[in-house]
1. Identify all residues within the range 33-42 that are surrounded by fewer than 18 Cβ atoms within 10 Å (Cβ to Cβ) and in a helix (DSSP H, G or I); write none if there are none.
2. Just one of Ala197, Ala191, Ala184, Ala225 is within 16 Å of the ligand (Cβ to nearest atom), open to solvent by less than 50 Å² (accessible area, probe 1.4 Å) and within 19 Å of Thr141 (Cα to Cα); which is it?
3. Only residues in the range 155-181 that are within 10 Å of the ligand (Cβ to nearest atom) and open to solvent by less than 50 Å² (accessible area, probe 1.4 Å) count as the first member; pair them with residues that are among the acidic types (Asp, Glu) and outside any loop (DSSP other than H, G, I, E, B), Cβ under 6 angstrom, at least 6 apart or cross-chain, and list the lot.
4. Regarding Arg127, is this residue basic (Lys, Arg) and either in contact with an Asp or Glu (Cβ under 7 Å, 6 or more places away or on another chain) or within 16 Å of the ligand (Cβ to nearest atom) (or both)?
5. Would you check which residues across the range 298-313 are part of a helix (DSSP H, G or I) and over 18 Å from Ala31 (Cβ atoms) and list them?
Amino acid sequence: MAGKAPPVIAVDLGGSKILSAVVDHRGKILASDLHRTHAEKGADFVIGNILKSVRAVADKSTIPEQNIAAIGLGAPGISNPQTGIVYSSPNLPDWQNVPLKDAIENGSGKKVFLINDANAAALGEMRYGAARGCRNFIYITLSTGIGGGIIIDGQLYTGSAGMAGEIGHIVVEPDGPKCNCGGAGCWELYASGTAMARRAREEIRKGKISALLDMAGKDVDNIDALLIQRAAEHGDPLAKRVIAETARYIGIGLGGLINIFNPELIVIGGGLANMGSMLLAPAYKEAARRSYREAYRATRFAVAELGAHSGVLGAAVYAIEQLRKKRS
Ligand SMILES: [Zn+2]
C-alpha cells in the first residue's frame, strides 16, 4: 500500500534496562522485550545485550524478519546521530566515543538510526502523546537529570552536530557545584529529582527536623523525590520547603526556555512530572515571573502522556521518519 511504512524495531537504552519493541507505522507495539543493561560491565557487554534484546523481540513478533525495515535506537547522553557515535553518557559510566550505530548495524544486519533518548521522547509525545498536533514545543524530562527535545516547525531541532536540546546544562548558578558535563551550577543540579533529594538530605544532616528521617528508616540516603512528595502530602514543613525551592529552579529554567523559543507548549515528563500541581503549579508561576508576559501567555503546559513507552515509541517515529526521508 502506498505511503504505509513497514514496522521497525525500536530500542530504548537506559542505564538499568533495555526496552525493545517491534512498532508499526501507527505506533502499535506488536512485541516487546526487556533486558537488563548491566552498564557496569562496559560498552561491549551492553552492545551484546542490545543485540540480544533486538533478536528476542524479532523472534517474539509475528512479522517476518525481512519485513522489519530498520532499528531506531534511543540512547542516553551526548551522541551524534549522523556518525552514530555516543561521546559520553552519565548513565553509561565508561562510555567514551562508542561507535554504537556501527556496532548494532554490524551485529544485526539492519540499518540503525541513533537518537538521544530525550529527543526520542519528544518525537513520541508529538506523534502519539501530549503534543499531538503541535508544531513548536519543548519536551523536558525531570528525572535523575534533566533532558530535553526541541521541536521547531514540526521537526526535531538537533543542532549542527546533533547535540541540541541539552537543556539540563543551562547554568543557573555560576558558582554552583561541578557538573559531570564539565561545567558548574547547571540547571539539572538544582531542578532534577536528584537535586530535590540532595536538598532534603543536606537540611536533615544540618539537624533540621522532618518526618522524612523516620520515613526513610533513619537513613538519609534513602530519601528520594517520592518520599519527599509523601511527606509533603502529610504536611511536613521541610518537605514542602524543598519542593518549593525545587519548583523555583524549575520555573527559572522554564522562563528562559519560554523567552528563547516562544513555544506553544512545554511537555514535562520524567519522574518529577508525577508530582503534579504540588510541584508544577509553583514552577509555572515562577516561569511567569521570569519570562515576557506575552510569550508566557502563549505557552501551554502539559504532562507527558506516554510514560515508560515514550522512548521506544519516539525511537520508532524517528526511524520511520528517517527511512521516509531516505526514500523521498
Ligand atoms: Zn552540566
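1. So the first thing to find is which residues in the range 33-42 are surrounded by fewer than 18 Cβ atoms within 10 Å (Cβ to Cβ), and the list is 34, 36, 38, 40-42.
Listed by number, the residues that qualify are Glu40, Lys41.
2. Numbers: Ala197 fails: within 16 Å of the ligand (Cβ to nearest atom); Ala184 fails: within 19 Å of Thr141 (Cα to Cα); Ala225 fails: within 16 Å of the ligand (Cβ to nearest atom).
Checking each option against the conditions leaves just Ala191.
3. Once the first residue is within 10 Å of the ligand (Cβ to nearest atom) and open to solvent by less than 50 Å² (accessible area, probe 1.4 Å) and sits in the range 155-181, its partners that are among the acidic types (Asp, Glu) and outside any loop (DSSP other than H, G, I, E, B) give Gly168/Glu188.
4. Details: basic (Lys, Arg): yes; either in contact with an Asp or Glu (Cβ under 7 Å, 6 or more places away or on another chain) or within 16 Å of the ligand (Cβ to nearest atom) (or both): no.
In short, no.
5. The first filter runs over the range 298-313 and keeps only residues part of a helix (DSSP H, G or I), leaving 307-313.
Within the range 298-313, Gly307, Ser310 qualify.
Residue by residue, here is whether (1) free of Cβ contacts under 8 Å to residues at least 60 places away in the same chain; (2) of a type in the set (Phe, Trp, Tyr); (3) in a helix (DSSP H, G or I) holds:
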site: Ala56; (1), (2), (3): yes, no, yes
site: Gln66; (1), (2), (3): yes, no, yes
site: Ala69; (1), (2), (3): no, no, no
site: Pro90; (1), (2), (3): no, no, no
site: Ala120; (1), (2), (3): no, no, yes
site: Ala131; (1), (2), (3): no, no, no
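Per-residue answers, yes or no, for (1) in a loop (DSSP other than H, G, I, E, B); (2) farther than 30 Å from Asp94 by Cβ:
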residue: Ala5; (1), (2): yes, yes
residue: Ala10; (1), (2): no, no
residue: Gly15; (1), (2): yes, no
residue: Ile18; (1), (2): no, no
residue: Ala21; (1), (2): no, no
residue: His25; (1), (2): yes, yes
residue: Ala31; (1), (2): no, yes
residue: Asp44; (1), (2): no, no
residue: Ile47; (1), (2): no, no
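The values are calculated or read from the model by the stated rules, or taken from the named source; none is laboratory data. Bear in mind the structure is a predicted one, so any value in this text is a computation, not a measurement. Glycine gets a Cβ as well: all are built from the backbone with ideal geometry, and neighbour counts include every protein chain shown. For the accessible areas, the whole protein counts, side chains as well, though only heavy atoms, and no ligand, DNA or RNA atoms are used. Shrake-Rupley method; radii C 1.70, N 1.55, O 1.52, S 1.80 Å.
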